[in-house]
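Trainee: Below are the structure tokens for one structure; questions will follow.
The values are calculated or read from the model by the stated rules, or taken from the named source; none is laboratory data. These numbers come from a predicted model, not from an experiment. A quick note on method: Cβ atoms are made from the backbone with ideal geometry, for glycine too, and the neighbour counts reach across all protein chains shown. Keep in mind that these areas ignore ligands, DNA and RNA; they rest on the heavy atoms of the full protein, side chains included. Shrake-Rupley method; radii C 1.70, N 1.55, O 1.52, S 1.80 Å.
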Amino acid sequence: MRRISRKKRSTLAYRAIAASAALILGGGGLVAVNVYASAGEGPSGSSPPTRTQNAGSRLSTIDCPEAVNGLPDVPDEARGEVDRELAAMDTQITDAYRQFADRKEQIARDPGLAENAVLGPLRSKRTASLDRIGIAIGRAGERPAGLESLAGCSLRADDSRGGNGGGRGDGKGGDGSQDDGRGQDQGQNQGQDGGQGQDPGGQDPGQGQDPGQGEDPGQDQGQGGNGPVAADFVDIQSVQPNVDRPRQRRGASRGTFTTDCGRNENGKFNPDNVIVAPGVSNGAHHMHDYIGNQANDAFASDDDLANGATTCRDQGDRSTYYWPVLRLQNGQDEDDVNADGGGRDQNVGEIQTPSQVTLKFVGSPVGRVTAMPRFLRIITGDAKAFTNGDAQANASWSCTGFEDRQVADKYPICPEGSQVVRTFAFQNCWDGQNTDSANHRTHVAFAQENGRCPSGFRAVPQLVQRIVYDVPPGPGFAVDSFPEQLHKPITDHGDFINVFDDRLMKKMVRCINDGRRCR
């Protein structure tokens, strides 16, 4: 497995960028120059943006329908071919975004070039992929109609705005059902500042604060040329407490089980995603941190995972836990600066090893939990939430000492001495039959508002994952993303494959149902 070496942090370089961004965030009548030009900056038809003009411009991106959401049930026989075509469609968008970025000045002079040179060819490629998907499904069942409607893409401005520092506001869970099992563990085990598993939805933690202080939110702070921007950050101290701990009902399973799998100290990274794009190298187009199972790459089978080495202290846990890396936007290159998932996909900067990772499994507020099936796959959050919309988003950002204040669509600016925290609460209901589904979501669900699982689902231990980073105070960091997602915080997501052995899974379930705290 390729490993990326660590380079010494360039604090002075980082602080120079952070200080420049602070001018933007702090107002005071100063206008910062956008040193790192962004793809698609400048309104259509305007003259080519200069560096000074870029300070008042906005990022643009390519917005395409999420094809997997438009597919019917995919027969098992067709799933491999369909997954490969869906991954190819992601690559098509990535390639089109690169072309758009490379031609942004020409497109600013000639808006029709975007259609002729970028969007038109992209539409043709997507139409061909959707046709192949239809043929693959048709071999095993009825060919779906109307897939061609998913081919079209458009250019879209980054519509980030200050003053919306928070949740979806719809109270929905990650599966679109009424939320929310995400905060299931709050009542009894907040051992880390009370922040694990908080529900980022339905709140407006921004409380009307405008981190841009009237400056254009499109000012680019990222060295990759496509974000993040000033409006993607909020001072955590300006966010009002917004975390409600759900009431535990009689019969609740109040125990917790914590597994220690390290912090990726050994530096295992790759840009694959064996859940979404099995058999496809660089299926994620961004780099992942991995802890737990060390056999995970695009080509790992269940047998590979069952026999893989693990970084977990208890060797009965060979599960794989992975998430997009967080990088400082400090001008320091990693070994992946010219590689897929790294610089080739506009993910640059110094990768940060977390200072702490907590993996805690918690129970249901209304009853007992049952064992997860081995090789159950769960994705929480949406890597494409910026263009897809926030229905599946489940990012939660905060700072140590302030974890009663959670934001979903902002990166937090933490005060001196406080660390950045990102939290994922995974789905806690399982359909009782499948370890995966065609869209990798419908076999699991969040509990409903009353704490109970949707009809046909059963409660399983809920993974609550908390990742802490010691980064310099101020803006100047971002998670890796698909290039067209512009490194937005709302695109944060986590992936989990359960590879607990039967002994340890039974121990977990007993511990949680008995109300004990176990490791």
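Trainee: Looking only at the range 236-282, which residues are open to solvent by less than 40 Å² (accessible area, probe 1.4 Å), part of a loop (DSSP other than H, G, I, E, B), on the phi < 0 side of the Ramachandran plot and polar (S, T, N, Q)?
Mentor: N242, Q248, S253, N273
Trainee: Going by the conditions given, is G222 under 30 Å from A87 (Cα atoms), out of contact with any Asp or Glu (no Cβ under 8 Å at 6 or more places or on another chain), open to solvent by less than 10 Å² (accessible area, probe 1.4 Å) and at pLDDT below 85? Break it down stepwise before answering.
Mentor: Details: under 30 Å from A87 (Cα atoms): yes; out of contact with any Asp or Glu (no Cβ under 8 Å at 6 or more places or on another chain): yes; open to solvent by less than 10 Å² (accessible area, probe 1.4 Å): yes; at pLDDT below 85: yes.
Yes, satisfied.
Trainee: Checking the condition of a type outside the set (F, W, Y), out of contact with any strand residue (DSSP E or B) (no Cβ under 8 Å at 6 or more places or on another chain) and at pLDDT below 50, which residue from S46, S38 passes? Spell out how you get there, then give the answer.
Mentor: On the way: S38 fails: out of contact with any strand residue (DSSP E or B) (no Cβ under 8 Å at 6 or more places or on another chain).
Matching residue, one of S46, S38: S46.
Trainee: Okay, next question. Can you tell me which condition T320 does not meet? The list is (1) touching a residue at least 40 places away in the same chain (Cβ under 8 Å); (2) more than 25 Å from G255 (Cα to Cα); (3) crowded, with 19+ Cβ neighbours inside 10 Å; (4) hydroxyl-bearing (S, T, Y), and all the others hold.
Mentor: Tallying (1) touching a residue at least 40 places away in the same chain (Cβ under 8 Å); (2) more than 25 Å from G255 (Cα to Cα); (3) crowded, with 19+ Cβ neighbours inside 10 Å; (4) hydroxyl-bearing (S, T, Y), T320 fails exactly one: (2).
Trainee: Quick one: is R327 at pLDDT below 95 and either over 12 Å from V499 (Cβ atoms) or outside any loop (DSSP other than H, G, I, E, B) (or both)? So that I can check it myself, show each step before the final result.
Mentor: Values: at pLDDT below 95: no; either over 12 Å from V499 (Cβ atoms) or outside any loop (DSSP other than H, G, I, E, B) (or both): yes.
Taking the combined requirement at face value, the residue does not satisfy it.
Trainee: Select from the range 437-458 the residues that are of a type in the set (A, V, I, L, M) and assigned to a loop (DSSP other than H, G, I, E, B) and write down the one among them that is farthest from L71 (Cα to Cα). Give the steps one after another, and end with the answer.
Mentor: Looking only at the range 437-458, we keep the residues that are of a type in the set (A, V, I, L, M), and these are 438, 444-445, 447.
Remaining after also requiring assigned to a loop (DSSP other than H, G, I, E, B): 438, 447.
On the way: A438: 9, A447: 25 Å.
So the residue we want is A447.
Trainee: Still on this structure, please answer the following. For the range 435-455, give me each residue that is crowded, with 24+ Cβ neighbours inside 10 Å and within 21 Å of the chain's Cα centre (by Cα).
Mentor: Of the range 435-455, the ones crowded, with 24+ Cβ neighbours inside 10 Å are 444, 446-447, 453.
Scanning the range 435-455 gives V444, F446, A447.
Trainee: Looking at A383, A371, can you tell me which residue is in contact with a strand residue (DSSP E or B) (Cβ under 8 Å, 6 or more places away or on another chain) and open to solvent by 10 Å² or more (accessible area, probe 1.4 Å)? Walk me through it before giving the result.
Mentor: Numbers: A371 fails: in contact with a strand residue (DSSP E or B) (Cβ under 8 Å, 6 or more places away or on another chain).
Of the residues listed, the single one that is in contact with a strand residue (DSSP E or B) (Cβ under 8 Å, 6 or more places away or on another chain) and open to solvent by 10 Å² or more (accessible area, probe 1.4 Å) is A383.
Trainee: Another question about this same structure. Within the range 89-107, is there a residue that is farther than 22 Å from Q392 by Cβ, open to solvent by less than 60 Å² (accessible area, probe 1.4 Å) and touching a Phe, Trp or Tyr at 6+ places or on another chain (Cβ under 8 Å)?
Mentor: yes
Trainee: Quick check on my filter: what residues within the range 112-150 are exposed (fewer than 14 other Cβ atoms within 10 Å of the Cβ), over 19 Å from V74 (Cβ atoms) and not small (G, A, S)?
Mentor: Once the filter is applied, which keeps residues that are exposed (fewer than 14 other Cβ atoms within 10 Å of the Cβ), over 19 Å from V74 (Cβ atoms) and not small (G, A, S), the range 112-150 yields only N116.
Trainee: Hey, does the range 340-356 have a residue that's buried (at least 22 other Cβ atoms within 10 Å of the Cβ) and closer than 27 Å to D303 by Cβ?
Mentor: Checked the range 340-356: at least one residue is buried (at least 22 other Cβ atoms within 10 Å of the Cβ) and closer than 27 Å to D303 by Cβ.
Trainee: On to the next question. Looking at R441, R452, R422, which one is over 27 Å from N388 (Cα atoms) and basic (K, R)?
Mentor: Details: R441 fails: over 27 Å from N388 (Cα atoms); R422 fails: over 27 Å from N388 (Cα atoms).
Residue meeting the stated conditions: R452.
Trainee: While we're on this one: Could you list all residues from the range 391-407 that are open to solvent by less than 10 Å² (accessible area, probe 1.4 Å) and more than 11 Å from the chain's Cα centre (by Cα)? Even if it seems obvious, please write down each step before you answer.
Mentor: First, pick out the residues of the range 391-407 that are open to solvent by less than 10 Å² (accessible area, probe 1.4 Å): 393-399, 403, 406-407.
Correct list: W397, S398, C399, E403, Q406, V407.
Trainee: Could you check the range 408-434 and list, in sequence order, the residues that are under 21 Å from the mean Cα position of the chain (by Cα) and open to solvent by 40 Å² or more (accessible area, probe 1.4 Å)? It would help to see each step written out before you state the result.
Mentor: Residues of the range 408-434 under 21 Å from the mean Cα position of the chain (by Cα): 408-414, 419-429.
Across the range 408-434, the qualifying residues are D409, Q419.
Trainee: Find the residue count for the range 327-339, including only residues that are open to solvent by less than 40 Å² (accessible area, probe 1.4 Å) and within 22 Å of T91 (Cα to Cα).
Mentor: So the count comes out to 2.
Trainee: Output the number of residues of the range 343-359 satisfying the condition of being closer than 13 Å to Q419 by Cα and not β-branched (V, I, T).
Mentor: Residues meeting the conditions: 4.
Trainee: Okay, moving on. For a quick check of your reading: which strands (runs of 3 or more DSSP E) sit entirely within the range 459-500 and have at least 1 residues that are over 17 Å from D289 (Cα atoms) and open to solvent by less than 10 Å² (accessible area, probe 1.4 Å)? First the steps, then the outcome.
Mentor: Values: elements: 462-469, 477-479, 493-497.
Strands (runs of 3 or more DSSP E) meeting the threshold: 462-469.
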